[in-house]
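I have placed the structure first, in the form of structure tokens, so that the comments after it can refer back to it.
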Amino acid sequence: MSTEVNSPFLEDTKLRADVDRSLRHPVMFFFTSGAAWLAVSLVLGIITSIKTHAPGFLDCTSFFNTGLTMQAHMSTLIYGWGAQAAFGVIIWLMARLSRQESKRSGIILVAGHIWNAAMTYGVIKILMGEGSGIAWLYFPTEVTAVLIGLYFFIGTWSVIAFRVRRGGHIYISQWYILASLFWFPWVLLTGFLFCQIYLGEGHPMMITATSAWFRSALLLLFFTPVAIASAYYIAPKVTGRPVYSYNLAIFGFWALAIVGPWVGMQRLMGAPIPSFMPYLSAGAAILLLIPAIAVAINILRTAKGSSSAMAHSPSLRFTVAGAVGLLLMAGIGALISLPSVMKYTQFSTVQYGYELTAILGFFSMCMYGAIYFIVPRVTNREWISVGLIRQHFWLSIYGVLAIALIYTITGGFMHGDIIERPGEVAATAYSRLYPYAISLTTGFIFLLISTFFFCVHLLLMWLRLGRRSSHPTLLVRHPHGSPHGPEGDLDKLAELDSNLSAN
Amino acid sequence: MTVKTFFYGLSASFAIPWLIMVAIPYGSMSSMPNVEYDENKDEKTGTFQPLHSGRLGIGSMIYAQEGCTMCHSQLTRPTYAGNDVFRDGQGGFKADPERGDTRRITNYMDFDGEDMANIGETRIGPDLGNFGSRVSSKTVEENAVLAKELGVDVSELGDNAFNGELYVYQHLFDPRKFIVNAKKSNCPKNPRFFEKKKIYGQGAVDAVFEKDGYQYVPNDRGRAIASYLLNLKRDGDVPVSMIYNKAKLLKPAPAPKKEEKPKEGAEEAK
């Protein structure tokens, strides 16, 4: 009798374990190499930032000139960390929610290796001064072409998994992932074709305008939906409660889909392009507050009341931090897009700070949340050190706060104010920026320390050196023993599997 | 929500802004019409033909590849979007000794000959949209001062005359070493724009630095970007139809008399 009641549950447990096992190597590869690229990106960011307040730093060669390290820093952040972390989450989440094992893990893994090789080549070319020079498409044309091609070898299987999914219900996370899989190639192809392949064909101003649209679209229509999909999965899973409002989730999705593609051109306010474009984009950037608030409320309300889960679970902590990061990102985005404020912010450092806040404060936080949830499942091991997780969380928070609040908001507006005064020379603006550039360096150093240990932790987990325990690694010790009961061993799962097979 | 309605909605919500913000403007701006002078307003007829010279295409590409856009803008915005036109030397000069008020906003013809418009990311450094004009202005100023010191006419300065091109090369080679008052500059050195050559005879005239029988002379890449920078001259007369604030600019200030005190120079020229 007992076997009959538990069979569907056990079958589902086995299915989930099979899905996890099938994706172990591609997922761990994307997460680990992504974290390594994040460390590289932060090192390049530190070099760039130091050179802002100490221009003589590493100036024995042109290889580390500010303009070059900045391009390499953003490229590694976007395509090295961002894209790979997103790929890892997409393929795992879609396979899990569709209850489909991956049958093409080898292809995904090979594509991942080529992606990293192409990126390495691209970064070297950028540092040699042979990149494209186009914002967020800094790699040479051939590298962008390879990355687009590889995307189809990585993303296609998730679309197929959705098509042949088991079960009727489609989760909100799946909608977001599907949308990101749809938007990403369209956005990337637009940037690639209009800004790289047809470079010289279009009007120079429209090349620049398209690249401004591209970077915004990549942020809002790829990184944002993947991060939201992850948050909508993690928050209910960890708290054990359904999403606070499904209708609000659907509303937030469509608000993002309708408003997001209009944003980007506000960065060309006053430039010789049709004047409706920057104004439409500025309006859309302000309207982005709507989906951001809808999503953040939904995530935070889902997590509300689960203070013990918040205290214990690193996944939930990072996810909630990501939801706050989403509000911060949308708030800064709306503020700097107000036409009356644009004159101060259009050429101030606040634009760079906004992108950092979006990627490091929102997207990365959600990705960390997903990674802390996914990795123990695909490796069948628990995280080794609660101390490393705790330092990762707090150093990330300190780093993001230094960047978002001090460098972006305070520094960006101080810089914007001085460059808008006609009588002031560039040296004055540079002097004004000095303390905020130091805060950026400090923020990056916090993040680099946390990322280094995160990367090592991930690598050890991939080598399956994690704890062999059925207990998750929690941030807070329970005063009355573990909330999961007495310590168990993962080998029991194998016994369970064999019993099920025998039955 | 079914999968079909999801994809219809997703396609429509993306395709419409994509067409309106990207595809259609991209196509329509790829062939912009010529601008004709209006006889009543411009007091002349014919087609406006902006003058561009120098190695714009390759120079602009190198400028972008080297990431100069990270710190330098090239955009003089209309007054509704910023105070750029009021910064002397950015959109032109308020009182150019030869041409009077040359200030104007950036227009879509200013980037002719370039693959992309390097309008820039931030203004950590000065705007370079009129860098060439500022160097020209500095050349006139420096020569006037030197001629006065030597007690000769400017035309008699010969090799002593200020060399604007060399000034740019020196800035590119090491902005904190050569350029007076630029000690605080955080512009990077660019040794990759130069090659080390043994000195034969009198050596190269455009060498920026000499040491131990060798000199550093600009290579092709360095010459191209210097040519591009020296030709960034986006000021002066445009048809009235291209002027944003017509009420203010319809009657440009008359050119000052020759003996008037020279205007103050550009910020990085100081």
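Hey, what's the Cα Rg ratio for the protein assembly as shown versus the globular rule of thumb, 2.2 N^0.38 Å?
Cα Rg divided by the expected 2.2 N^0.38 Å: 1.05.
Expressed in nm to one decimal, what extension gain is obtained for the pair residue A:241 and residue A:63 from 0.36 nm per residue of sequence separation less their Cα-Cα distance?
My answer for the length gained is 58.9 nm.
HN-Hα J couplings of the stretch B:185-192 from phi, Karplus 6.51/-1.76/1.60, θ = phi - 60°, integer Hz, Gly and Pro as x?
Residue by residue, the stretch B:185-192 yields 4, 9, 6, x, 6, 10, x, 6 Hz.
Helix A:364-379: angle to the longest alpha-carbon principal axis of chain A, degrees 0 to 90, nearest 10?
30 degrees
When the Karplus curve 6.51 cos²θ - 1.76 cosθ + 1.60 is applied with θ = phi - 60°, which whole-Hz ³J(HN,Hα) does each residue of the stretch B:55-66 get, with x for Gly and Pro?
My calculation for the stretch B:55-66 gives 8, 5, x, 6, x, 5, 5, 5, 4, 6, 4, 6 Hz in order.
State whether chain B is rounded, prolate or oblate according to the following rule on the C-alpha gyration tensor (a ≥ b ≥ c being the square roots of its eigenvalues): a/c under 1.5 gives rounded; otherwise a/b larger than b/c gives prolate, and the remaining case gives oblate.
oblate
State the Cα centre-to-centre distance between the stretch B:130-204 and the stretch A:206-250 in whole Å.
Going from one Cα centre to the other spans 53 Å.
Given H placed 1.01 Å from N in the peptide plane, which residues other than close sequence neighbours of residue A:244 have an amide H under 5 Å from its amide H?
A:302
Could you tell me the distance between the Cα centroids of the stretch A:137-181 and the stretch A:255-269, to the nearest Å?
Using only Cα atoms to place each centre, the spacing works out to 22 Å.
Set the Förster distance to 22 Å, then compute FRET efficiency between residue B:145 and residue A:428 from the Cβ-Cβ distance, nearest 0.05.
According to the calculation, E is roughly 0.30.
I'd like the distance between the alpha-carbon centres of the stretch A:39-79 and the stretch A:404-446, rounded to an integer number of Å.
Going from one Cα centre to the other spans 17 Å.
With a ≥ b ≥ c taken as the square roots of the eigenvalues of the C-alpha gyration tensor of the stretch A:143-185, please select rounded if a/c is under 1.5 and otherwise prolate if a/b is larger than b/c or oblate if it is not?
It comes out oblate by the Cα gyration axes.
Taking chain A, how many lysine pairs are there with alpha carbons less than 24 Å apart, if each pair must be eight or more places apart or span two chains?
Total qualifying Lys-Lys pairs in chain A comes to 6.
If the limit is 25 Å between Cα atoms, which of B:94/B:233; B:94/B:189; B:138/B:177; B:44/B:233; B:138/B:198 go over it?
Check vs 25 Å cut-off fails for B:94/B:189; B:138/B:198.
Which aspartates and glutamates have a Cα lying under 12 Å from the Cα of residue B:196, excluding residues fewer than 8 positions away in the same chain?
Filter leaves B:210, B:212.
Could you pull out every residue, at least 5 positions away or on a different chain, whose amide H is within less than 5 Å of the one on residue B:162? Hs are placed 1.01 Å off N in the peptide plane, and Pro or chain starts have none.
B:143
Once the whole set of protein chains is in place, how much accessible area is left on residue B:32, using a 1.4 Å probe, in Å² to the nearest 10?
For residue B:32, solvent-accessible area is about 70 Å².
If you stretched the chain out fully between residue B:80 and residue B:241, how much longer would it get, using 0.36 nm times the residue separation minus the C-alpha to C-alpha distance?
Taking residue B:80 through residue B:241 to full extension adds about 56.2 nm, to one decimal.
Kindly express, to the nearest 10 degrees and within the range 0 to 90, the angle between helix A:141-163's C-alpha long axis and the longest C-alpha principal axis of chain A.
30 degrees
Could you check the simple spin-label distance between residue B:31 and residue B:152, using points 7 Å along Cα→Cβ, in nm with one decimal?
5.6 nm
Report, in degrees rounded to the nearest 10, the 0 to 90 angle that the Cα long axis of helix B:3-17 makes with the longest principal axis of chain B.
Value to nearest ten degrees: 40.
What FRET efficiency comes out for residue B:160 versus residue B:184 if R0 is 35 angstrom and r is the Cβ-Cβ distance? Round to the nearest 0.05.
Using R0 = 35 Å, I get an efficiency of 0.80.
Under 5 Å between amide H atoms, partner at least 5 residues away or on a different chain: which partners does residue A:101 have, H built in plane at 1.01 Å?
Answer set, sorted by chain and number: none.
Given a Förster radius of 22 Å and the C-beta distance between residue A:153 and residue A:463 as r, what FRET efficiency does 1/(1 + (r/R0)^6) yield to the nearest 0.05?
Between residue A:153 and residue A:463 the formula returns 0.30.
Using the crude model of +1 on Lys and Arg Cβ and -1 on Asp and Glu Cβ, and no other charge, please compute the dipole size for the protein assembly as shown relative to its Cα centre, in debye to 20.
Once rounded to the nearest 20, the dipole reads 2260 debye.
So between residue A:311 and residue A:279, what do we pick up on full extension, going 0.36 nm a residue minus the alpha carbon distance?
Result for the pair: 7.1 nm of gain on full extension.
Would you work out what percent of the accessible area of the protein assembly as shown, with all protein chains in place, is carbon or sulfur (probe 1.4 Å)?
Answer for the protein assembly as shown is 61 percent, counting heavy atoms of protein chains only.
Mind giving me the nanometre distance, one decimal, between the label points for residue A:410 and residue B:99, set 7 Å out from Cα along Cα→Cβ?
Placing both labels 7 Å beyond Cα along the Cβ direction yields 4.4 nm.
The values are calculated or read from the model by the stated rules, or taken from the named source; none is laboratory data. Quantities reported herein were computed from a predicted structural model and do not represent experimental measurements. Using ideal geometry, Cβ is built from the backbone for each residue, glycine included, and neighbour counts are taken over all protein chains shown. For accessibility, only protein heavy atoms count, side chains too; no ligands or nucleic acids. Shrake-Rupley method; radii C 1.70, N 1.55, O 1.52, S 1.80 Å.
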